[in-house]
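In what follows, a single structure is set out as structure tokens and then discussed.
Taken together, the values in this text are just the output of simple stated rules run on the coordinates, not laboratory data. Note that the structure is predicted; figures quoted are calculated from it, not measured. Cβ placement follows ideal geometry from the backbone for every residue including glycine, while neighbour counts extend to all protein chains displayed.
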Amino acid sequence: MQAPNSVNLVLLCFCVSLPCAVPMNSVRGVETLPKWQAPIEFDGTAFELGGGKGEFHAWGRGTDLRVFCDEFLPALFERTIALDELGRGSELSWIFTGERGGFTITIDANQVSLHQRFYDSFAFNQIAENEARHPEWRAPAQRAAYRGPLRAVTVRADHKLGLSVALNGQTVLREDCLFDLSRHQLRLAGGEGVIRGTMLKPRPESVSVRIDPTKRYQIMIGFGGIATPTAYAQLSAEGKSRWWKLVREYNLLIQREYPIGRRLNQRMDNWDVLKDATPHYYGDNFPNGEISDFSYIREIRRLGGRVWFEFWALPSWVEADAETYAEAMVRYCQVSKERVGAPPDIVGIQNEVDQSASTFHRMTLSLRRRLDEAGLQSVRIHMSDSGSLSGGIKRAEKFRASEQTWAAIDYSASHMYDYQSFFPNPDGFDARLAQWKELTAEKPFLSTELCINNDKYQWPTYRVALTMGQLYHKNLVLTDAVAICYCWTLLNVVQPSYGWTRSLCVPDRSHGFVPVASSHQLRVFGAYSRRIREGMVRVEARADADDLPVSAFAQEGEAGTVVILNRSTKPRRLRIVWPGATFTEMELVDPYHENDVRKAPPARSDGATELVVDPGAVVTITNVPLGLADKSQTSTRMNAQRPIVDEH
């Protein structure tokens, strides 16, 4: 499943206005270049610029020679210019472009420079005093001087949100880059003679993936998040219909309640009174209220979904009193049972708010006792979830300090906002995940809230979404998460950056108040959520290559799903072996495909399935059907007593 990426080079010529000057960083020390060793596993296409070829004069603007590369770049990539000849006095620019920005690598006989360009706001023209016919601001450039024959320039966009430039194979420049890049071109300016060379791209690398269904791990509950009622209320009738179709298709069947907090009255009868929603502010956006919507919960239940409930801020008349707290929690469960037909499946102690160990112990034991006294024995409890995994580890230690309290907890739980500090090194987070797993291993793990709220990374790009995709894999494989919830599944925003990475979807006012994906986050989350259904068990999956996270999930019989994330800069030709399984469908996720469903490749005579996965793509191969097509189907589990899942 490769995007069109043949590298036929088309010689074209254009005239452009000169960009404005920008401040340059100091030049890095002179690098003595190593001898160039041409790679073997690469395909190449020759190009030539100069020597009178392709010159074009127009309106006195001078000469501009360009070679456009006829490919759409994958999300992650490695490309190399192998130079046979660099004309005297020539300056070669390698220009990469995307929807929101790009970067340019400029090469001459003595140095190479790299600068990123932002062009998604007209305000840039005022900031940079830009005279171009489009908005643009150029970030300060990095420059590296070199000595010795320059034979190759390599650029890499990697899974660590990094961009690097290498000369003759030696990295000389590196910086963060959040852009999605789709096209690239070469431009020659000035000088004499010609520039000749070859554009190189990696060939697919063969990798074996083996599934062992006899090695079993956690049993899945599913996926979901918070659909805030104030956003859902904005949807038109058509918008609500589309929303439920999306919920079914993306398997977002866990509704994590973000209920009324401080505005809960002492009669406890305004759980779903929309005007009483506790305002939760994001910038200058319309407030997203903390409130419940029992009609929404009823529909989730009707589709066979689950509901989780926990307070965030407590009403003033509840604070510091474990018995009153437990009374309020039980009352919500009772009202939900009256209004919907079932209490929440799982209740949490308190969202993100830290308490002393003794307070957590009293809250937990009072809650369990009061639930049982009210005949709500089926309602399970998860520990208080911290905003970060490092905080979650400390919180788990508090709960474990009392054997009685820890025994009353059915699920461990935590958010993972501290993963954002590991975006330039995602695997650096693994040690923290291992520490969490060791501390809480006997309790099934609910990954209760994942998203990006760091302003540095609130971008709608696929590369940023792919970084979160690595976290979904780590949750499933390193911590045995039985459920993963995004923060918001539907959020009301006006300032778009608050929707890009905090929510999977937002109401689209410009098309009749219907739900739309806020960015690429939905497609990457969907690569996991859509075909990993409740009751499936994770089984062993091994790939004989680095940078190829693979997870596999089995259903009763021979049904199963494999999710492959290629975080290499090389395409991978996979040979997947799952004894007894025959795949019928596959889904492709990359910058150009949004959970694109197609037929799975036919199995070979030996039962193996072969396919190619582009760098940065996520492929889900499966024989598990998508969610319910007919929403009139009613869950038979609505009023069932649900036991704790045994994840091993």
Bridge type composition, the chain - antiparallel percent by DSSP, nearest 5: 75 percent
Expected output is a single nm value to one decimal: the length gained when fully extending between Glu556 and Glu397, i.e. 0.36 nm times separation in residues minus the C-alpha distance. What is it? 53.6 nm
I need the shape label for segment 278-365. Rule: rounded when a/c is under 1.5, else prolate if a/b > b/c, else oblate, with a, b, c from the alpha carbon gyration tensor. oblate
Under 14 Å, Cβ to Cβ, from Trp459 - net charge with Lys/Arg +1 and Asp/Glu -1: -1
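Let me know the volume per residue of the alpha-carbon convex hull for segment 417-502, in Å³. Please list the in-between numbers first.
Values: hull volume 7.4 nm³, N = 86.
Each residue corresponds to 86 Å³ of Cα convex hull volume.
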Set Lys160/Lys394; Lys394/Lys443; Lys201/Lys570; Lys394/Lys437; Lys160/Lys474; Lys275/Lys337 screened for pairs whose C-alpha atoms are more than 19 Å apart: Lys160/Lys394; Lys275/Lys337
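Can you tell me the FRET efficiency between Arg573 and Ser295 if r is taken as the Cβ-Cβ distance and R0 is 60 Å, rounded to the nearest 0.05?
Working: r = 50 Å, r/R0 = 0.83.
In this case the efficiency is close to 0.75.
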Label-to-label distance, nm, for residues given as Gln266 and Val30 (7 Å Cα→Cβ offset): 8.2 nm
For segment 458-533, take the convex hull of the Cα atoms, compute a quarter of its surface area, and give me that in nm², please. 5.3 nm²
Inter-label distance, nm, simple model (7 Å from Cα along the C-beta direction), His511/Ser421: 3.9 nm
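As a test of the definition: which semi-axes, in Å, follow for segment 477-635 when you take the square root of five times each eigenvalue of its alpha carbon gyration tensor? Largest first, please. It would help to have the intermediate numbers written out before the result.
Values: eigenvalues 173, 74, 45 Å².
Semi-axes from the Cα gyration tensor: 29, 19, 15 Å.
At a Förster distance of 25 Å, what's the computed FRET efficiency of Ala431 paired with Asp212, Cβ-Cβ distance as r, to 0.05? Mind dumping the intermediate values first?
On the way: r = 26 Å, r/R0 = 1.04.
After rounding, the FRET efficiency stands at 0.45.
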Note to self, the chain gives a 222 nm [θ] from helices alone (DSSP H runs n ≥ 4, -39500 (n - 2.57) apiece, / all residues, nearest 500) of -6000 deg cm²/dmol
If we count every other residue with Cβ under 12 angstrom of Ala46's Cβ, Lys/Arg +1 and Asp/Glu -1, where does the sum land? -3
Could you state, as a whole-number percent, how many of the C-alpha pairs of segment 152-258 are farther apart than 19 Å? 73 percent
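Assuming 0.692 mPa s and 37 °C, estimate D for segment 263-418 with Stokes-Einstein, Rh taken as the Kirkwood radius over Cα pairs, in µm²/s. Could you put the intermediate results ahead of the total?
Details: Rh = 16.3 Å.
Taking Rh from Cα pairs, D becomes 202 µm²/s.
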In percent, how large is the relative contact order of the chain, given Cα pairs closer than 8 Å and 6 or more residues apart? 16 percent
Full extension between Ala46 and Ala233 adds, at 0.36 nm per residue less the Cα distance, a length in nm of 61.6 nm
Helix by helix, which DSSP H runs in the chain go 20 Å or more along their axis at the Cα atoms and have an average Kyte-Doolittle hydropathy of -1.0 or more? 322-340, 357-373, 462-478
Separation in nanometres of the label points that stand 7 Å from Cα toward Cβ, at Asp276 and Glu319: 1.9 nm
Net charge of neighbours whose Cβ lies under 14 Å from the Cβ of Glu290, counting Lys and Arg as +1 and Asp and Glu as -1: -2
How large is the Kirkwood hydrodynamic radius of segment 233-341, in angstrom, based on all distinct alpha carbon pairs? 15.1 Å
Compute the orientation-averaged projected area for segment 190-244 from the convex hull of its Cα atoms and round it to one decimal in nm². 12.8 nm²
Between Phe122 and Thr584, what length in nm is gained on full extension when 0.36 nm per residue of separation is reduced by their alpha carbon distance? 161.6 nm
Please report, for the Cα atoms of segment 517-589, the Rg to one decimal and the Dmax as a whole number; what are they, in angstrom? 13.1, 39
Quick P(r) readout (segment 78-209; Cα-Cα; 5 Å bins; whole %) gives 2, 9, 18, 21, 19, 14, 10, 4, 2, 1, 0
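Give me the compactness ratio for segment 208-285, meaning the Cα radius of gyration over 2.2 N^0.38 Å.
Output field value: 1.62.
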Rounded FRET efficiency, nearest 0.05, which uses the C-beta distance separating Thr171 from Glu338 and R0 of 60 Å: 0.40
log10 I(q)/I(0) for segment 208-622, Debye formula on C-alpha points only (no solvent), q = 0.06 Å⁻¹, two decimals, reads -0.24
